[in-house]
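What follows draws every value from the coordinates through simple rules; no lab data is involved. In this text, all values refer to a predicted model and were calculated from it rather than measured experimentally. All Cβ positions, glycine included, derive from the backbone under ideal geometry; neighbour counts span all protein chains shown.
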Amino acid sequence: MRLRCMVVAGAAVLALAAVSGCGGSGEGGGVPADGDGQSVGSGGRLMDSETNGRLSFPTMADIETFVSQRTTCTDLHMEDKDTEHEDDPEAVGVGRLWGIKERGVCWGDDRNGVTLMSVDDMKSFQTQAQKHEQDGWYLLGEDFVVTGGSTTRADLKGSGILAFVCDPEDPIPSGYKQEKALVDGCTLTDFIS
């Protein structure tokens, strides 16, 4: 009986050693990890405690990588102003009013523009977005924003990015995430229509 218990205990130790040797960071094989469940060099941080569980991509290259992994984003070029509204001081991307640090545009498969914005003041961005009443148009991470056509929006569904919605007449179906935005009367949701 005692020999049988020792054999079972030895088998359990071997099984645990085999399992703990798979994956993870450091020595012993597997892909090195950055601590957030992503492999090193995967283009940014995903959902960590510092960012309230939201996507965070601090550079334009990180944002482009994130978008390109899910949809088409070709010919990225930087833009200081919204070319359609260059003379409008309230237009997206003009000055610091919106809290935008950098703004770039690339092209989707449908030849619609995809706008990538690195944002250093998300409360200012949400305040301006609420004033312009474009519900669900802005897709937000912790420190970046993406806008695009229906194909881009559909491709980004389920990626962790959240739509900014302020219209109480536009209900969010049950079962979808609903987080309070930084401005009163608005919600962040994974319901992207």
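Could you work out the Kirkwood radius for region 130-193, taking every pair of different alpha carbons, averaging 1/r and inverting it, reported in Å? Numbers along the way, then the final one.
Values: mean 1/r = 0.0847 Å⁻¹.
Final number for the Kirkwood radius of region 130-193 is 11.8 Å.
Excluding residues fewer than 8 places away in the same chain, name every one of the lysines whose C-alpha is closer than 17 Å to that of residue 157.
The reachable lysines, counting only those whose Cα sits under 17 Å from residue 157, are 177.
In whole Hz, with x marking every Gly and Pro, tabulate ³J(HN,Hα) for region 141-150 from phi via Karplus 6.51 cos²θ - 1.76 cosθ + 1.60, θ = phi - 60°.
Each residue of region 141-150 in turn: x, 5, 9, 8, 9, 10, 10, x, x, 4 Hz.
Karplus couplings for region 120-134 from phi (6.51 cos²θ - 1.76 cosθ + 1.60, θ = phi - 60°), rounded to Hz, Gly and Pro as x?
9, 9, 5, 5, 4, 4, 5, 4, 5, 4, 5, 5, 8, 6, 10
Which of the lysines could be linked to residue 123 by a straight reach, that is with a Cα gap under 16 Å, when you skip same-chain ones fewer than 8 residues away?
Leaving aside lysines fewer than 8 places away in the same chain, those within reach of residue 123 are 101, 131, 180.
Taking amide hydrogens as modeled 1.01 Å from N in the peptide plane, which residues meet the under 5 Å criterion relative to residue 119, leaving out close sequence neighbours?
101, 144, 145
Give, as a single signed number, the net charge of other residues whose beta carbon lies under 10 Å from the beta carbon of residue 63, with Lys and Arg counted +1 and Asp and Glu -1.
With Lys, Arg at +1 and Asp, Glu at -1, the neighbours total -4.
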